[in-house]
Structure formats: structure tokens, C-alpha cells
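Remarks on the structure that follows.
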Amino acid sequence: MSAPAPALDVGAARSALESACGSVADGGPDESVDGIVPKLVARPDSTAEVADVMRAAAALGLTVVPRGRGTKLTWGRPPERVELVVDLSRMAAVQDHAAGDLIVDVQAGTPLTAVQDTVAGARQRLALDDPLGGATVGGALATNLSGARRVGFGSARDLLIGVTLVRADGVVAKAGGRVVKNVAGYDLGKVLVGSYGTLGVLTEAVFRLHPLPAAHRLVTAPFERPDEAQRLVQAVVHAQVMPTAVELDLPADGPGTVQVLLEGTEAGVVARSAVARELLGAWAEEDDLPGGWGAFPWAGSEDGRPTALKATFALSGLARVLAAARSAAEQAGVELHLRGSGGAGVLYGAVSPGAEPAAVRSLVDRLRARCIALGGALVVLDAPPEVKAAVDTWGPVPALDLMERVKHRFDPERRLAPGRFVGGI
């Protein structure tokens, strides 16, 4: 951890920031970042204003956390300190929709729903799900948000073709998309995705789009045992049904379901649905998408702040992960609801509200060991403060030395969300 920062002259800092941005306000509990209340909040309305704000912040030595709509500000670890929140909510424009090229250029504060509404007029979509609800483009990229459709279209990294960001020193950098050369030799977009705001303030993004399907159907089958779930998932993944999503849902108690989403032409969907039903067995049912389909298992919870997990693993290990999850939850005395992309080896978990920190730690340690053995990881995305204090949020991190070098290259003074990301980055 870095040395304590000298006392901040808030009045002088506000004056300096106001010369760079027309909207600067005092921070308060409503602007807190995982419990850390910022001194000031700036709301720029363009990349140029963000650059001016970051130059002023650099001159003042302020620590900075970027924010979209704040739906995932409690993910990761609490930052060591926050003096300035750069709120991008005023940067919410779809700047260009080149329908003929299947490209959209948006500002980082744009809600994903607004992007979808804009491109839908041309019968197109951004194939990036919002399983939590309320996400902005910048927040989705910063946390590597993805959902059910990653089986068919990949994750955010696969859809992103260009980025604009502002570095900690206020320098604007662009890469990919309509720019010929990446800066500093990095594949900048892929580096930024999932970096939790620790490398720069992402201000604009260019995505490739896909056509809206003419038809879709959901084929669902129940399963009782983990090996049965793996058999059903692999039967669909390895067949020629071209699923858009292969979701798995396993409540804390009782049987689970495998849900296969098929999209395309009307005739194609009808034919592939028939094949999927045959693959999934006699109990398979065909229906439309229900409301809330594909949401994280804790989305919409009214029981307080959840303990939210993300498990990744080789697809061949699905049955072992499901069995380990049930066993670890039973031994820890907690309930665990799993849901996610069974066809991509990514599951999200919601631990029962009010679980004791020691019990959560026991669950995390056991399930993490299984995921790591299968080439993956287990991350505690979010949790109440007492749980975060008791568990290792990120777990072992391969190539941490390389990640630290990248952080030093982008932010040598550690002023961007210090401590929020893996290894205290």
C-alpha cells in the first residue's frame, strides 16, 4: 500500500477542477465507492473535458475512480482511498451508428439499453447482455460484464473494436476501430476490459453489431445430477444446433435446468428446436423467453447486499464444479444458487443473505480449489463488508507480475482506483 496522502485542500481542489469541468460538486455517501466517500465529484461531458479533469487531478495528486451509473461500484476490493469520482453519466450519446457496416460508436456513460434501442431501428443489436440491469458501456467493459449470449457471440472483448481512454496524466489515447495503430504496442481494448478503472478512464467505445434474429425459441430440460447436466450441455454444444446460449440454473435445493436459446430465421429455429428437444430428452419443453431470463442469480434481490461469486472452469469439468458447489455449500451451512453460461464454463453464484463470513470463506476456499484444478478461477465479485474482510476476493492470480508492470506503465503514481483490482493493483 502507498504512504498516506497529505491532507487535501478541498476548496482549492474544487476551484482547480471547476476550471476544467463545469460540473463539480462535493462528495457524499451517495457517491461512495464500496464504502469510501469521495471528497469531490466531477461530471464532464466530453473526452476533452475528461482529459482536462485528469490533468487537474494529476497536478493536485488526487486519486480518481471513474463511474457510470454505479451499479457495480461495490465489485472488487474497496479502493485504498478516493478523492475524486469522475462521473460519466453526462457522456451518454450514441455518436454514430453505421448500420451498413454493423458498427456503433458510443460514449462510455451510455446505458446498454439506450444502445440497443438506437440500433434496433435498423434491426440490429449489440450482443452484450446486461444480467444485472442498469449497466453503462463503460461499466460493462470495466468489469468484463457478460451474460448468456456469450456462447454465440463471445464476451465484451470479442465485440469491442475500438476505444478511447484518458490516462492518469490526462493524455488521450485511442486504439482499434477506425484508428490505424494501437498506442504503446498494447491491444488496448483487451487490456482495459476487466481492469476495474485502474488503467484509465474509458470515454468512448466502438462495437461491432449483429442482426436481430427473426425468431427465437427456448428449449428447457430438467436435470437431477451434475453428470446429467454435463451430458445435456455437451450434447447441445457439440451438435449442429448453433445455440446462442446454453444456460444452466441450479437453485440451492432441488433439480436444475439446462436452457438452450436458439435464434435465426423462423424455419431454421423450428428445425433446430426439434433437434435440441431430441438431444435434451423426453422431458424437454419449448417456450418463449420468460421475463428476467439470463439475469444474475442475485439480480433484483431485496434482502440486502449479496455475496456474489463468479466461477470459471474448463467446460469438461462442469459436473465436478456443480458437485463441489453443492458439497461445499452443504458443509458450510449456506445456500448457494448457481446460474450462468453452462456452455461457456462460466457460472455465477448467489450465497444466502446473512451467511456468516467464516462459512462463506469455507465455501469459497473449497469451490475455488475445484475451479483452479480445472484451469479456472473463483472470484468474489461482491459481498457485505464483513465478508470481504474475511475472504480472499480474487484468489491466486496468474501473471500478476505482468499485470503490475502494465499498471505501472499506465498509472505509475497509482492514482486510478488504487487497490481495487487483483493483487492490490
ask   = Which order do Arg77, Arg320, Arg149 take by accessible area at a 1.4 Å probe, largest first?
value = Arg320, Arg77, Arg149
ask   = Carbon-plus-sulfur fraction of the accessible area of the range 39-80, 1.4 Å probe, in percent?
value = 46 percent
query = In the range 149-258, carbon and sulfur make up what percent of the accessible area (probe 1.4 Å)?
reply = 53 percent
inquiry  = Tell me the per residue accessible area of the chain using a 1.4 Å probe; a whole number in Å² is fine.
reply    = 41 Å²
query = To the nearest 10 Å², what's Lys310's accessible area with a 1.4 Å probe?
reply = 40 Å²
remark   = Nearest-0.05 FRET efficiency for Arg225 and Ala114 at R0 = 60 Å, using Cβ-Cβ distance, is 0.90
query = When the helices in the chain are scored as -39500 (n - 2.57) per DSSP H run of 4 or longer and the sum is shared across all residues, what 222 nm value do you end up with, to the nearest 500 deg cm²/dmol?
reply = -8500 deg cm²/dmol
request  = Express in % the proportion of alpha carbon pairs of the range 61-114 at distances exceeding 16 Å.
outcome  = 54 percent
note = With all protein chains present, the range 354-425 has a carbon and sulfur share of its accessible area (1.4 Å probe) in percent of 55 percent
key: Per principal axis, descending, Cα span of the range 103-214 in whole Å   = 45, 29, 23
ask   = Gain in length, Ala389 to Asp288, computed as 0.36 nm per residue apart minus the alpha-carbon separation, to one decimal in nm?
value = 32.1 nm
task = Give me the percent of DSSP beta bridges within the chain that run antiparallel, rounded to the nearest 5.
result = 90 percent
message = Cut-off 10 angstrom, C-alpha nodes, Gaussian network model of the chain. Which of Gly342, Gly147, Gly133 fluctuates the most?
response = Gly133
Counting all C-alpha pairs of the range 348-422, share separated by more than 15 Å (%) = 61 percent
ask   = Using alpha carbon coordinates only, what is the Rg to Rh ratio of the range 315-380, with Rh defined as the Kirkwood radius?
value = 0.94
ask   = Using r as the Cβ-Cβ distance of His238 and Arg90, and R0 as 45 Å, what FRET efficiency do you calculate, to the nearest 0.05?
value = 0.40
query = In what order, largest first, do Glu413, Glu49 sit by accessible area if the probe radius is 1.4 Å?
reply = Glu413, Glu49
task = Take the alpha-carbon positions of the chain, form their convex hull, and give its projected area averaged over all directions (one quarter of the hull surface) in nm².
result = 20.2 nm²
ask   = Using the beta-carbon distance between Ala7 and Ala323 and R0 = 51 Å, what value does 1/(1 + (r/R0)^6) give for FRET efficiency, to the nearest 0.05?
value = 0.40
note = Of the listed pairs Lys39/Lys174; Lys310/Lys388; Lys39/Lys190; Lys190/Lys388, those with alpha carbons more than 25 Å apart are Lys39/Lys174; Lys39/Lys190; Lys190/Lys388
query = Taking the Cα centre of the range 27-171 as the origin, how large is its charge dipole in debye, to the nearest 20, when only Lys and Arg (+1) and Asp and Glu (-1) carry charge on their Cβ atoms?
reply = 320 debye
query = For the chain, what is the charge dipole size about the Cα centre, in debye to the nearest 20, if Lys and Arg each add +1 at the Cβ and Asp and Glu each add -1 at the Cβ?
reply = 1120 debye
remark   = Accessible-area order for Glu228, Glu247, largest to smallest, probe 1.4 angstrom, reads Glu228, Glu247
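The values are calculated or read from the model by the stated rules, or taken from the named source; none is laboratory data. All figures in this text were calculated on a predicted structure; none of them were measured in a lab. Here Cβ is always computed from backbone atoms with ideal geometry, including for glycine, and neighbour counts include all displayed protein chains. Areas reflect the complete protein model, heavy atoms only, side chains present, ligands, DNA and RNA absent. Shrake-Rupley method; radii C 1.70, N 1.55, O 1.52, S 1.80 Å.
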